[in-house]
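Undergrad: Mind looking over this structure? Questions follow.
The values are calculated or read from the model by the stated rules, or taken from the named source; none is laboratory data. These numbers were taken from a predicted model, which means no experiment stands behind them. No Cβ is skipped: glycine too gets one built from the backbone with ideal geometry, and neighbour counts run over all protein chains shown. All accessible areas refer to the heavy atoms of the entire protein, side chains included, with ligands and DNA or RNA removed. Shrake-Rupley method; radii C 1.70, N 1.55, O 1.52, S 1.80 Å.
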Amino acid sequence: MNTQHISKILFAITVCSLIFMTSCNKKKETMENTNPEKNTPNVLMETWTGSYGGTPAFDKMSISDIKPALEKGMELNLEDIDAITNNSETPTFDNTIIPLEKSGQELSRVFTYYGILSSNMSSPEFRKIQKEMAPELSDFRSKISQNEVLFQRIKAVYDNAQKQPLEADQQRVVQLTYEQFAMNGAELDPEKKKRYAEINKELSELYTNFSNNILADEEGYTTYLTKDQLGGLSEPLIKAYAKAATDKGQEGKYAITNTRSSMDPFLKYSTERELREKVWKNYYSRGDNGDDKDNNDNIAKILKLRKERVGLLGYNNFADWRLQNRMAKNPENAMTLMNAVWPAAIGRVKEEVADMQSVANTNKDNITILPWDYRYYAEKVRKKKYDLDSDEVKQYLQLGKLREAMFFVAGELFNYKFTPVTEGSVPVFHEDVNVWEVNDKTSGEHIGLWYLDPFARTGKRSGAWATTYRSHTTFDGKKTVLASNNSNFVKPAPGEPVLVSWDDAETFFHEFGHALHFFSSEVRYPTLNGGVRDYTEFQSQLLERWLATDKVIDNYLVHYKTGEPMPKELINKVKKAATFNQGFATTEYLASALMDMKFHLADPSGLDVDKFERETLTALNMPKELVMRHRTPHFGHVFSGEGYATAYYGYMWADVLTSDAAEAFAEAPGGFYDKELASKLVKYLFAPRNAIDPAEAYRLFRGRDAKIEALMKDRGFPVTAN
């Protein structure tokens, strides 16, 4: 298990986060990968074969192979660690760090399949195994993170490197590896190490419970409509809801599933207020229904254990521990940024609500705007203020054309060409998944494969994300990239196009930005493919800006029936309305980010989670007309693992960088397709990954640090010089 993997394990602590691990290098010839129960080869552990440097055998994976593969993989990984610690030679980069980078290849391959079964194709059978294996995996992680001999070897290499620096990228690998172990208890005394490991085991079980509870509530609550309840909905949306109902055995009805992609358009367009309220409550009550899937008790325990664990390391709270190696450095800096934007955001919400209430009053609707009304009346205000109908815009946003647009942007900025692979030549885990080969347009060099899994289905977690099955490295032979984008668009009826909102189109570009970050990697060692949480969202957020460029609009945003490009008049309306509803968008996000931080700065003893959420939001003057984007009981970013814990603010931190960098492109001679600036973008902001400090990387690109003013202007908020 290389140290990128160790980083993911030690920081994320959760099995769910392991889906983001990259797969490693060549398999040890002497190892015999067998299923101890069947005494036959376990496909989940086998070296990937076939074209493109080998690919996962997704078509052969079986849930029954998961447990024995994990157990054998952990055993082999620990043997790799023993080989390092049993080395009697003086610790060096070559005999300690390099084998650590190579370790755990078999287990890494298993985790690739595990991640698919966890996030893309979960089932009750798999969740049972997941729950059973969580404590075993935690014990395994502790055996590595608390291995005293291993840490002393790493520390010796680190100490020597302070006196006699290694090559720049090797120096950073050593630094990151040492910090990862030190931050996770490697220097504790035996008694504290024991308690640290116990806490991690308890947390791993809580994270698994939290995630499975959310998924259960997403699967367990569906709103079925009849034909007379479809007022306001477009024909393509109606057909999609009809298909969702048919898939659930309810032919002749229309199903609103309990996911954002299904809920959001219904709240935006449906004229049925009582049904809007029902759908809204189903969605925002996930994990908070007072039943056996309620997550409030899980959250209270998680917060208490996190504080106790970092207390063993001498930290006052989880946030201080977590942010020390982020761009923000400490919670005070993160809070300063959020507090600078919050007043403007809630101030804009008041203006938006006043506009919506005016429309409702004019229409004699006899209502007071409540959360399930916000999206619906915002659309009416948008049409009144800007003569812009979101449903009209959707007619020009076809998923397939958006994919082509992303390929075009990747070609212009990164010189990449995307070509569909021959059907059946690369195994996939579901019929909805398609694969493209990525090559350099000029040289023809093979860069990697891009997998796309676009549609929602039972067993797939909500939202959109990107992951890698294999990352670029060169230290042990060049490895090409296997990257995946995963979305939850509502699958259309046969023969119908997938039409998406402008926000969903931006999200599609966003996640593709992560994939481009994977493909552009030029690092030598696996550890350097890791990222800094409040920086890694920057590259993907920046790519969203190309959606609104003229070259994309003119060539790819065409009407799904006529094929005609989006009219200039409509384009101008979209651009003019760019800052519309920013009060809602910014406030719902920031409320989640602020709550994340405040939960981890509070004393968790005897904490009533629901009460703390209510009282904290009240103290923040949270507008009553909307809620947090992720209410605490289903805030998977923060409580199904630790990747975003006290780090959800990172989206806004990254957005400051994004706005500032976009301003540079807007001012460049060639605009967003300026070749010189695009070259700097790839060279300094994408290719290095975590090989250099993110702040330094940004300064190399921009010539200075980013400024918040660009963000405020982008959102249409008042700008105060800072």
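Undergrad: Taking the condition of being in a loop (DSSP other than H, G, I, E, B) and more than 30 Å from residue 557 (Cβ to Cβ), how many residues in the range 567-625 meet it?
TA: Looking only at that region, the number is 13.
Undergrad: Which residues, counting only those in the range 321-340, are part of a helix (DSSP H, G or I) and free of Cβ contacts under 8 Å to residues at least 24 places away in the same chain?
TA: Of everything in the range 321-340, those that are part of a helix (DSSP H, G or I) and free of Cβ contacts under 8 Å to residues at least 24 places away in the same chain turn out to be 332, 333, 336, 339.
Undergrad: Would you call residue 176 under 23 Å from the mean Cα position of the chain (by Cα), in contact (Cβ under 8 Å) with a residue 40 or more places away in the chain, over 30 Å from residue 281 (Cβ atoms) and surrounded by fewer than 22 Cβ atoms within 10 Å (Cβ to Cβ)?
TA: Here the answer is yes, as residue 176 does meet what is asked.
Undergrad: Go through (1) hydrophobic (A, V, I, L, M, F, W, C); (2) buried (at least 20 other Cβ atoms within 10 Å of the Cβ); (3) within 27 Å of the chain's Cα centre (by Cα) and name the single condition residue 242 misses.
TA: Unmet condition: (3).
Undergrad: Going residue by residue through the range 374-385, is there one that turns out to be modelled with pLDDT under 95, surrounded by fewer than 17 Cβ atoms within 10 Å (Cβ to Cβ) and within 30 Å of residue 179 (Cβ to Cβ)?
TA: Checking the range 374-385: not a single residue is modelled with pLDDT under 95, surrounded by fewer than 17 Cβ atoms within 10 Å (Cβ to Cβ) and within 30 Å of residue 179 (Cβ to Cβ).
Undergrad: Could you run through the range 470-493 and say how many residues are closer than 30 Å to residue 216 by Cβ and touching a Lys or Arg at 6+ places or on another chain (Cβ under 9 Å)?
TA: 7
Undergrad: Do you know which residues across the range 590-615 are crowded, with 17+ Cβ neighbours inside 10 Å and without any contact (Cβ under 8 Å) to a residue 60 or more places away in the chain?
TA: 591, 592, 595, 596, 598, 612, 613
Undergrad: Mind listing just one residue for me: the one in the range 287-302 that is open to solvent by less than 10 Å² (accessible area, probe 1.4 Å) and in contact with a Pro (Cβ under 8 Å, 6 or more places away or on another chain) and, of those, farthest from residue 606 (Cα to Cα)?
TA: Step by step, filter the range 287-302, then rank; the result is 287.
Undergrad: Within the range 247-270, restricting attention to residues that are free of Cβ contacts under 8 Å to residues at least 60 places away in the same chain and among the polar types (S, T, N, Q), which residue is least open to solvent (accessible area, probe 1.4 Å)?
TA: 258
Undergrad: Are there strands (runs of 3 or more DSSP E) fully within the range 395-497 with at least 2 residues that are closer than 28 Å to residue 523 by Cβ and open to solvent by 30 Å² or more (accessible area, probe 1.4 Å)? List them.
TA: Where strands (runs of 3 or more DSSP E) fall fully within the range 395-497 and carry at least 2 residues being closer than 28 Å to residue 523 by Cβ and open to solvent by 30 Å² or more (accessible area, probe 1.4 Å), they are 416-420, 434-440.
Undergrad: Moving on to the next point. What single numbered condition from (1) open to solvent by less than 10 Å² (accessible area, probe 1.4 Å); (2) more than 25 Å from the chain's Cα centre (by Cα); (3) closer than 22 Å to residue 461 by Cβ fails to hold for residue 108?
TA: Answer for residue 108: the failing condition is (2).
Undergrad: On to the next question. Taking the options 136, 79, name whichever one is within 29 Å of residue 429 (Cβ to Cβ) and either open to solvent by 10 Å² or more (accessible area, probe 1.4 Å) or among the polar types (S, T, N, Q) (or both).
TA: 136
Undergrad: What are the residues in the range 309-320 that are in contact with a Pro (Cβ under 9 Å, 6 or more places away or on another chain) and in a helix (DSSP H, G or I), if any?
TA: Passing the criteria: 319, 320.
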